[in-house]
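Shown next, in structure tokens, is the structure this report addresses.
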Amino acid sequence: MNNIADYLDTLRVSGNFRSIGQHLTQSGLTDLSSNDYLGLASNKELQNEFFGSKQCLDMTSSASRLLSLHQQCYTDLEKQLATLYGRHALLFNSGYHANSGIIPAITSKGTLVVCDRLVHASIIDGIILSRAHFIRFRHNDLDHLQEIISANRNKYSDILIVTESVFSMDGDICDLPSLVKIKKENPGTRLYVDEAHGFGVFGNRGLGMCERDNVINDIDIIVGTLGKAGASIGAFAITDARTKDFLINTARSFIFSTMLPPINCAWSQLMVSHITQMETERKHLLHIADRLSEFLRSMGYNHNSKSQIVPLIVGDPHKVVELSQQLRTLGYIALPIRTPTVPKGTERIRFSLTAALSNATIDQLLSDLRTLLQS
Ligand SMILES: Cc1ncc(COP(=O)(O)O)c(C=O)c1O
């Protein structure tokens, strides 16, 4: 127990102690930290429409997917996603379940996993569970990735490249066409892309960076999540029929966990059909993100964002908490992100914009930020 107390003390002293409950949404505050990228989560009209028509849906599946009696809503949602992507779809309970279940399933001790240095914790956990050997390439440095593949190609039975399309803490994006090229030039290599922050936001129908870059068919497994732009809960893998069957039989997070409630999947279906139509909202979202990005650069706060996630990198855990509190007094929820979520020295406010924010709100935000950052 002493170790636990010491650990907590260390966190407090270093400014990295986290607690739950301080950030509850109060009315009147502008939320700049949610993953509700299209503003669907707060759309009461859609909720009324949904609850008006779906009152009889079950609130639990009461079993894992393989044993559940409620298959219709799951297969309906999978068919909808499969039709959109033109491939096969398999639902998971969350992005965390998808990453931590799929990666161990599709790798073995003879596999080398090569992942971007900044991939999400759920991917890292999946890799650790897989017991495959893994090497991280420098963030978005595809020359480094190629070097690792060339040096190790003959030592492993196969190689799995893993990355995110839109990086969750920096909002920068990976070069999917080049990754596909590397995969094709290196036989025995597969590509796994997490579109948690790309789904809903990029591509004409919101299918993600894979749609924008026209590489849906070139990626072995695409993971999309429904709890962010999807305004729901759950995740899906897009892949080929054989891999889908393989995952149904081997992905432990799929087999050994109670499946999502039918009501959530029905809601997800409604959300997905809305998302495909939200091109105007996507354009607006990327426009306001661009305004915030440019503004921060003009104030000397550099970053590589090319998406709706825009970091204000402060580089000090105490200062970032203070800045977040100052923003709170001005009416914004803009939460501080600290170690271990981001590397030490890159502590930041992670602005995570939604299409529901108006240009006028962004005008006011920029003006308030100017005052704060200059003081
Ligand atoms: C890149 C990435 N993948 C996966 C996840 C996990 O998704 P979920 O919240 O659905 O478990 C997250 C969550 O933040 C994420 O940022």
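Only the coordinates and a few stated rules stand behind these numbers; no lab work does. No experiment lies behind these values; they were computed from the predicted model shown. Don't worry about glycine lacking a Cβ; one is built from the backbone with ideal geometry, like all the others, and counts go over all protein chains shown.
Just the isolated ones, please: cysteines in the chain lacking another cysteine beta carbon under 4.7 angstrom.
Cys56, Cys115, Cys174, Cys210
When only alpha-carbon atoms count, how far does region 28-111 stretch along each of its three principal axes, as whole angstroms with the largest first?
Here the spans come out as 54, 36, 29 Å, largest first.
Where does the charge balance sit around Leu118 when Lys and Arg score +1, Asp and Glu -1, over other residues with C-beta under 12 Å from its C-beta?
Neighbour charge sum, excluding Leu118 itself: -3.
Once a ≥ b ≥ c are taken as the square roots of the eigenvalues of the Cα gyration tensor of region 95-177, is the result rounded (a/c under 1.5), prolate (a/b larger than b/c) or oblate (a/b not larger than b/c)? Before the final figure, lay out the partial values.
Numbers: a/c = 2.25, a/b = 1.09, b/c = 2.06.
Cα axes put region 95-177 in the oblate bin.
Which lysines have a Cα lying under 23 Å from the Cα of Lys244, excluding residues fewer than 8 positions away in the same chain?
Lys79, Lys109, Lys183, Lys184
Loop only by DSSP, 10 or fewer other Cβ within 10 Å of the Cβ. Give me the trypsin sites (Lys or Arg not before Pro) in region 100-197 that pass, ordered by residue number. Let's see the in-between values first.
Details: sites: Lys109, Arg117, Arg131, Arg136, Arg138, Arg153, Lys155, Lys181, Lys183, Lys184, Arg190; in loops: Lys109, Arg117, Arg131, Arg138.
Sparse-neighbourhood loop trypsin sites (Lys or Arg not before Pro): Lys109.
Give me the one-decimal nm value for the distance between modelled label points at Ser42 and Leu69, 7 Å along each residue's Cα-to-Cβ direction.
Those two pseudo-labels are separated by 4.1 nm.
Report the net charge of residues surrounding Gly171, where surrounding means a beta-carbon distance below 10 angstrom and charges are Lys +1, Arg +1, Asp -1, Glu -1. List each step's numbers first, then the result.
On the way: positive: Lys306, Arg350; negative: Asp170, Asp172.
Value of the local net charge: 0.
Between the DSSP loop rule and a limit of at most 11 other Cβ atoms within 10 Å, which chymotrypsin sites (Phe, Trp or Tyr not before Pro) in region 180-214 are left? Before the final figure, lay out each step's value.
On the way: sites: Tyr192, Phe199, Phe202; in loops: Phe199, Phe202.
Answer by residue number: there is no such site.
Using only the Cα atoms of the chain, what do you get for the radius of gyration and for Dmax, in Å?
Taking only Cα atoms of the chain, I get Rg and Dmax of 21.1, 60 Å.
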